[in-house]
1. Any idea how far apart Thr25 and Lys162 come out in nm if each label point goes 7 Å out from Cα toward Cβ?
2. Under the rule a/c < 1.5 gives rounded, and otherwise a/b versus b/c splits prolate from oblate, where does region 17-93 land using the Cα gyration tensor?
3. Step through the table entries Lys62/Lys127; Lys18/Lys59; Lys49/Lys114; Lys31/Lys177; Lys59/Lys155, compare each Cα-Cα distance with 29 Å, and write down the pairs that go over it.
4. Calculate the length of the line joining the C-alpha centroid of region 1-74 to that of region 108-187, in whole Å.
5. Summing +1 for each Lys or Arg and -1 for each Asp or Glu, what net charge is found among the other residues whose Cβ lies under 12 Å from the Cβ of Thr26?
6. Which loop-located trypsin sites (Lys or Arg not before Pro) does region 121-187 contain, where loop means any DSSP state but H, G, I, E or B and the Cβ has at most 14 other Cβ atoms within 10 Å?
7. Starting from the 7 Å offset along Cα-to-Cβ, what nm value, one decimal, do you get for the label separation of Glu124 and Leu17?
8. Please list, by residue number, every one of the GluC sites (Glu not before Pro) in region 99-187 that is coil in DSSP and has at most 12 other beta-carbon atoms within 10 Å.
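Coordinate-derived values only; no laboratory data. Being a predicted model, the structure only gives us computed values, none of them experimental. Note: ideal-geometry Cβ built from the backbone for every residue, glycine included; neighbour counts use all protein chains shown.
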Amino acid sequence: MTLLNDILSYNEEFVSLKKYEDFTTTKYPDKRLVILTCMDTRLVELLHKATNTKNGDVKIIKNAGAIVSHPFGSIMRSLLIAVYELHADEVLVIGHHDCGMSAINSDSVLEKLKQRGIEEQTLETIKYSGIDLHEWFQGFDRVEDSVKHSVDMVKHHPLMSKDIPVHGLVIDPETGKLDLVVNGYEN
Ligand SMILES: [Zn+2]
C-alpha cells in the first residue's frame with residue numbers, strides 16, 4: 001500500500017459516506033479575509049484553531065516562510081485575486097517562530113541538489129541566464145523583519161487597493177499565540 005493508495009482509498013469512503021457535508025460552503029470568505037502563511041506542518045490545523053477560522057471563513061495562501069519575494073509572482077497575484085475577485089477586504093501575513101526558512105542556508109540547498117543528481121552544468125546555465133540561486137533560496141534572519149517586509153510589499157504594491165488593511169503577525173507553532181508586528185489599521 002503506497003501513500004497515494006492510502007489517500008485514494010480513504011477518499012472513496014469519505015465521499016461515499018458524504019463526510020464532505022460538514023464542509024459545505026462557498027468560494028467567498030465569510031470573514032472577508034485573506035491569510036498568507038507558512039506551509040509548516042504544525043500550522044495545518046493549529047493556525048485555524050488559534051485564529052477561530054474554519055472552512056469557508058478565509059482564503060489561505062501558503063508558501064515556505066509566508067514570504068512575498070516577488071511583486072509579480074504567484075503569491076502577489078493570489079492576494080490581488082482574493083481582494084478584487086473573491087471579496088477579501090483585509091490581509092493577514094502570519095509568519096511563525098522556528099520557521100524552516102529562518103535557518104535556510106542556500107549553500108546547503110545547492111549542495112543537496114547536486115547530491116540528488118542535479119548537474120553542476122545545470123546550475124551554471126541557470127547562473128548565466130541571470131538567476132542568482134543563492135538569493136532565490138535565501139531565507140530570513142528574523143521572522144518579524146520578514147513579516148514586515150512582506151506586509152510592506154503587499155501594502156505598497158502598485159495594484160493593491162489603498163483601502164485594504166494589511167496586518168503582520170507572528171504565531172508560536174507550539175502554543176498558537178499570536179504577536180502583532182504590524183497593525184494594518186494604523187499604517
Ligand atoms: Zn515556516
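1. Going by the 7 Å Cα→Cβ label model, 3.3 nm.
2. oblate
3. Beyond 29 Å between Cα atoms: Lys49/Lys114.
4. About 20 Å separates the Cα centre of region 1-74 from the one of region 108-187.
5. Net of charged neighbours comes to 0.
6. Arg142, Lys162, Lys177
7. Going by the 7 Å Cα→Cβ label model, 5.7 nm.
8. Glu119, Glu174, Glu186
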